[in-house]
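J.: Let me give you the structure first, and then I'll get to my questions.
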Amino acid sequence: MRFDVITLFPELFAPHFVHGVTRRAFESGQVEVKLWQLRDFGDPPHARVDDRPYGGGPGMVLLAEPLLRALAAVRADRGDAEPVLLVNFSPAGRPLGQAGVGEFAAGPGAILLCARYEGVDQRFIDAEVDLELSVGDYVLSGGEIPALALLDAVARLQPGVLGDARSHEQDSFSAGLLDCPHYSRPELLGEGSAAAAVPPVLLSGNHAAIERWRRDRALALTAERRPDLAARAEAEGRLSAADREALARARTAKL
Ligand code: 4F9
């Protein structure tokens, strides 16, 4: 798949593609990313890409014409028979969740517009943007970090990137619940009475008991921090009888 990113700050992206587990997805070309400097499409003589809003007020608005030129260049370069989605990142967008990430990971890619919050000329959005996405209820200085979040989340879903295919099944949200806690060496962390032990069940070798413990921890954590997700898992019939009992216990323990 191929993502084309339109941004005023392409240098923010480069480091992400050469580090960490997702590097493999970018280096192998499983996820191709092409960066486009919006200023290259600015209005002469100074390559202007923004101007003051009609009606007054603070901030600047990204001009529609440079955006239209950049988009035309990207679409021509891609040469898709079937045009891919143009995504704009905005706190006013639809929330991006793991299900949405999964759709991008299975698709042909997209064009990602990294704008600034004060605005993009609405006529460009109305005419060209297919989807506005939010990565959380907070305001950033631009869409670059949301675009990186989407690219990272898509890259780690590519086959071979995480090494162990089971990692995905364990992820928070993949099953619609938060992930359980994890432990590794040493068995006792610290000294004497202050030493912190690994939960004994994890050392028991009893795989059924370990699975039950993990599921119970995931359910309790989800009930505590994301009651919305717990309620949805329940309503959609994704919980076993043992799960529903664990959830009931977690909810009463909290009262
Ligand atoms: C975009 C914040 C998506 C959260 C874009 C300023 C943004 C954002 N999710 N903030 N520009």
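What follows draws every value from the coordinates through simple rules; no lab data is involved. Quick caveat, the model's predicted, so the values are computed rather than measured. Cβ: placed from backbone, ideal geometry, glycine included. Neighbour counts: every protein chain shown.
J.: Which percent of the Cα-Cα distances in segment 176-254 go past 15 Å?
T.: Above the 15 Å cut-off, segment 176-254 has 60 percent of its Cα pairs.
J.: Also: For segment 1-135, what log10 I(q)/I(0) values come out of the Debye formula at q = 0.16, 0.20, 0.21 1/Å, with one point per alpha carbon and no solvent?
T.: So the normalised log intensities are -0.89, -1.34, -1.44.
J.: Using 7 Å Cα-to-Cβ label points, what is the ARG244/HIS46 separation (nm, one decimal)?
T.: Placing both labels 7 Å beyond Cα along the Cβ direction yields 6.7 nm.
J.: With point charges of +1 on the Cβ of Lys and Arg and -1 on the Cβ of Asp and Glu, referenced to the Cα centre of segment 98-252, which listed residue (LEU150, SER167, LEU131) lies farthest in the positive direction of the dipole?
T.: The listed residue farthest towards the positive side: SER167.
J.: Work out the length of the dipole vector of the chain about its Cα centre, built from +1 on the beta-carbon of each Lys and Arg and -1 on the beta-carbon of each Asp and Glu, and round it to the nearest 20 debye.
T.: That gives a dipole near 740 debye.
J.: What is the Rg over Rh value, at two decimals, for the chain, using alpha-carbon atoms and the Kirkwood definition of Rh?
T.: With Rg and the Kirkwood Rh in hand, the quotient comes to 1.08.
J.: At 222 nm, what helix-only mean residue ellipticity would the chain give, in deg cm²/dmol to the nearest 500, using -39500 (n - 2.57) for each DSSP H run of four or more?
T.: -11000 deg cm²/dmol
J.: Ok, one more. List residues of segment 202-240, by number, whose backbone nitrogen lies under 18 Å from a label position 7 Å along Cα→C-beta of ASP137.
T.: Those under the cut-off are 223-232.
J.: Express the C-alpha Rg of segment 68-119 as a ratio against the empirical globular expectation 2.2 N^0.38 Å, rounded to two decimals.
T.: 1.27
J.: Next up: Report the calculated FRET efficiency for GLU234 and TYR183 (r = Cβ-Cβ distance, R0 = 22 Å), to the nearest 0.05.
T.: 0.20
J.: Continuing with the same structure: Longest span of the chain, sites excluded, free of GluC sites (Glu not before Pro) in DSSP loop with at most 14 other C-beta atoms within 10 Å?
T.: 1-117
J.: OK, next. Where nothing but the Cβ of Lys and Arg (+1) and of Asp and Glu (-1) is charged, how large is the charge dipole of segment 24-68 around its Cα centre, in debye to the nearest 20?
T.: Around 100 debye, computed over segment 24-68.
J.: What order, most packed first, do the peptides 247-255, 106-114, 200-208 have when packing is the mean number of other Cβ atoms within 10 Å of each residue?
T.: Sorting 247-255, 106-114, 200-208 by mean packing, highest first, produces 106-114, 247-255, 200-208.
J.: Gain in length, LYS34 to ARG69, computed as 0.36 nm per residue apart minus the alpha-carbon separation, to one decimal in nm?
T.: Working it through step by step, the gained length comes to 11.0 nm.
J.: Could you tell me the largest-minus-smallest coordinate of the C-alpha atoms of segment 131-232 on each of the three principal axes, in descending order and whole angstroms?
T.: The principal-axis extents, from largest down, are 52, 33, 31 Å.
J.: Continuing with this model, one more query. Are there trypsin sites (Lys or Arg not before Pro) in segment 161-247 that DSSP marks as loop and that have at most 16 other Cβ atoms within 10 Å, and which are they?
T.: Answer by residue number: ARG238.
J.: Over all pairs of distinct alpha carbons, what does the Kirkwood formula give as the hydrodynamic radius of segment 85-154, in Å?
T.: It is 12.1 Å.
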